[in-house]
Amino acid sequence: MHGDPAALKVLQEVFGFERFRGPQQAIIEHVTGGGDALVLMPTGGGKSLCYQMPALLRAGTAIVVSPLIALMQDQVAALIQNGVRAAYLNSSLEMHEAMEVENRLRAGELELRYIAPERLATARVQMR
């Protein structure tokens, strides 16, 4: 596999890694090309990169559903530190903070939006 030069550039410049690990490159290329993937890797195996990278390589906003608030907060903080336009929407936010995230989403200002599963069931989210 020769790889996508844009993917390697994002890997190095945004995430600070020299090369992909294991099946990451093939998964990222498949998902970036519009394919679906079920990725099973051990903790620390690099699963997050398999959905974060396609989000940066494709147009639009990627929606990440995560039940773990602390993980969501940690990943968004790390992404923002790396220059990625990311935000989360979960029960830890005050109403005005949640509205700010929704406004940023509508304005096309987010590359990744993390959301808790219970937020998916709300009428406001389904209408967006």
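All of 44, 3 fail the test of being exposed (fewer than 13 other Cβ atoms within 10 Å of the Cβ) and either assigned by TED's automatic domain parsing to the domain that holds residue 116 or in a loop (DSSP other than H, G, I, E, B) (or both), apart from 44. For segment 47-75, filtered to residues that are assigned to a loop (DSSP other than H, G, I, E, B) and in contact with a strand residue (DSSP E or B) (Cβ under 8 Å, 6 or more places away or on another chain), the residue that is farthest from residue 10 (Cα to Cα) is 66.
From the list 78, 37, 26, exactly one residue is out of contact with any strand residue (DSSP E or B) (no Cβ under 8 Å at 6 or more places or on another chain), within 27 Å of residue 6 (Cβ to Cβ) and either among the acidic types (Asp, Glu) or part of a loop (DSSP other than H, G, I, E, B) (or both). Which is it? Step by step, each of 78, 37, 26 is checked, and only 37 is out of contact with any strand residue (DSSP E or B) (no Cβ under 8 Å at 6 or more places or on another chain), within 27 Å of residue 6 (Cβ to Cβ) and either among the acidic types (Asp, Glu) or part of a loop (DSSP other than H, G, I, E, B) (or both). Which residue is surrounded by the most Cβ atoms within 10 Å (Cβ to Cβ), if the candidates are limited to segment 8-23 and must be in a helix (DSSP H, G or I) and within 15 Å of the chain's Cα centre (by Cα)? Ranking the candidates gives 11 first. Condition check: on the phi > 0 side of the Ramachandran plot and modelled with pLDDT of 90 or more. Does residue 35 satisfy that? It is false that residue 35 is on the phi > 0 side of the Ramachandran plot and modelled with pLDDT of 90 or more.
For segment 11-22, the condition holds for no residue, the condition being that it is touching a helix residue (DSSP H, G or I) at 6+ places or on another chain (Cβ under 7 Å) and assigned by TED's automatic domain parsing to the domain that holds residue 114.
The values are calculated or read from the model by the stated rules, or taken from the named source; none is laboratory data. Not measured: the values here are computed from a predicted model. Every residue, glycine as well, gets a Cβ built from its backbone with ideal geometry; the counts of neighbours run over all protein chains shown.
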